[in-house]
Amino acid sequence: MNLQTHFDRTIEKDQRIEPRDWMPDAYRATLVRMIAQHAHSEIIGMQPEGNWITRAPSLRRKAILLAKVQDEAGHGLYLYSAAETLGADRDELVEKLIAGKQKYSSIFNYPTLTFADVGVIGWLVDGAAICNQVPLCRSSYGPYARAMIRICKEESFHQRQGYELLMTMMKGTEEQRRMVQDATNRWWWPSLMMFGPPDAESAHTERSMAWKIKRHTNDELRQKFVDMTVPQAEALGVTLPDPQLRWNAERGHYDFGEIDWAEFKRVISGNGPCNAQRLARRRAAHDNGAWVREAAAAHAAKRAERTVAA
Ligand code: BYC
């Protein structure tokens with residue numbers, strides 16, 4: 001059977017494409033782009049919260065936050081490995097990230113101003129990530145889909161820790177409730193932007209849906225997130241900063257206001273509030289880690305020499 005036909009049938013039957021299978025070049029390139037951006041997001045995503053580890057208000061909160069940030073490093077590593085199964089070179093991907101040539105999620109270019117931001121990131125950012133990533137567990141590329149299973153389990157712990165932190169703060173002082181509301185106001189719209197541009201302007205959705213890499217469009221997932229989050233905000237006692245947010249019985253969904261797409265474009269083109277700082281930190285961490293990579297390579301070379309000699 002022709003290779004293309006075999007590939008098409010595999011997709012049609014909802015079976016997985018595995019690393020050694022033939023695949024169209026554009027399918028491979030789309031996956032490398034998406035998985036690399038996802039890996040970079042996890043790695044850059046450690047910064048906004050990592051910033052609060054030394055300032056967590058209790059030992060318990062510090063232990064939880066440390067665990068969460070470590071999970072994100074782990075997610076980045078699984079994802080770089082998944083990209084390597086497609087023939088991508090991890091060093092090259094990292095170089096592209098620090099040279100600003102490959103994207104990471106817009107959301108990580110906003111500052112974390114108070115400890116309430118840690119809770120709101122868990123609730124909204126990890127909530128949006130789960131909404132977007134659970135369907136990726138059924139993505140047509142095997143290694144990506146399998147990596148997403150564990151990632152989603154861990155994301156769900158992250159979301160709950162955020163919500164639990166916010167519930168605790170909402171039961172606290174007036175000042176704490178004010179902090180939660182303020183953080184919600186700042187993170188709500190950027191969280192909606194995480195799902196990407198509207199479907200009509202999404203360059204890759206149609207192709208990626210046909211290949212079953214993506215299982216839902218950007219707008220479908222954004223709507224699902226809004227519908228899921230409104231009752232959570234009510235239970236928490238915070239107001240989502242959108243006067244147009246209301247239940248539409250006819251559609252069976254919440255209507256919501258217009259997203260500021262000009263802001264989204266600014267952020268993804270490198271001009272958000274923290275883009276420069278995030279990349280500078282990542283570059284510095286990469287440079288500081290050079291000796292570790294050199295030592296590991298020297299050790300591997302010695303072991304290989306010893307094996308040959310033996
Ligand atoms: N930020 O055609 P479209 C996490 C880009 S990790 C920046 O719709 P696609 C977490 C897009 O790349 C969060 N760029 O693209 C981590 C494309 O540009 P290029 C990341 C964005 O791929 C730690 C262009 O806009 N999640 O949640 O079909 C702690 C056109 O877009 C964004 C993933 O990576 C954005 N928000 O759909 C806590 C999940 N949106 O490449 C949480 C996997 C779009 O043509 N990725 N762009 O230059 C996906 O599901 C899809 O790639 C997206 C975009 C829905 C993000």
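The values are calculated or read from the model by the stated rules, or taken from the named source; none is laboratory data. In this text the structure is predicted, and so the values were computed from the model without any measurement. Cβ placement follows ideal geometry from the backbone for every residue including glycine, while neighbour counts extend to all protein chains displayed. Accessible surface is based on the protein model in full, side chains and every heavy atom, while ligands, DNA and RNA are left aside. Shrake-Rupley method; radii C 1.70, N 1.55, O 1.52, S 1.80 Å.
For the stretch 243-267, residues that are farther than 17 Å from Lys103 by Cα and open to solvent by 100 Å² or more (accessible area, probe 1.4 Å) total 7. Taken over the stretch 53-93, residues that are farther than 30 Å from Pro19 by Cα, assigned to a loop (DSSP other than H, G, I, E, B) and open to solvent by 30 Å² or more (accessible area, probe 1.4 Å) amount to 2.
Quick check, is Met23 at pLDDT below 95 and either within 16 Å of the ligand (Cβ to nearest atom) or over 23 Å from the mean Cα position of the chain (by Cα) (or both)? Before you say what the answer is, go through the steps one by one.
Working: at pLDDT below 95: no; either within 16 Å of the ligand (Cβ to nearest atom) or over 23 Å from the mean Cα position of the chain (by Cα) (or both): yes.
Spelling it out, it is not the case that Met23 is at pLDDT below 95 and either within 16 Å of the ligand (Cβ to nearest atom) or over 23 Å from the mean Cα position of the chain (by Cα) (or both).
Among the helices (runs of 4 or more DSSP H) confined to the stretch 112-201, the ones with at least 2 residues that are closer than 24 Å to Cys274 by Cα and near the ligand (Cβ under 10 Å from one of its atoms) are located at 126-133, 142-170, 174-193. Of the residues screened, Ile35 is one that is β-branched (Val, Ile, Thr), within 16 Å of the ligand (Cβ to nearest atom), in a helix (DSSP H, G or I) and open to solvent by less than 30 Å² (accessible area, probe 1.4 Å).
Which members of the stretch 94-115 meet the condition of being buried (at least 16 other Cβ atoms within 10 Å of the Cβ) and among the hydrophobic types (A, V, I, L, M, F, W, C)? Those that are buried (at least 16 other Cβ atoms within 10 Å of the Cβ) and among the hydrophobic types (A, V, I, L, M, F, W, C): Val94, Leu97, Ile98, Ile107, Phe108, Phe115.
Given the options Glu206, Glu234, name the one that is acidic (Asp, Glu), farther than 18 Å from Val125 by Cα and open to solvent by 80 Å² or more (accessible area, probe 1.4 Å).
Glu206
If you go through the stretch 215-242 and keep only what is within 15 Å of His253 (Cβ to Cβ) and basic (Lys, Arg), you end up with Arg222, Lys224.
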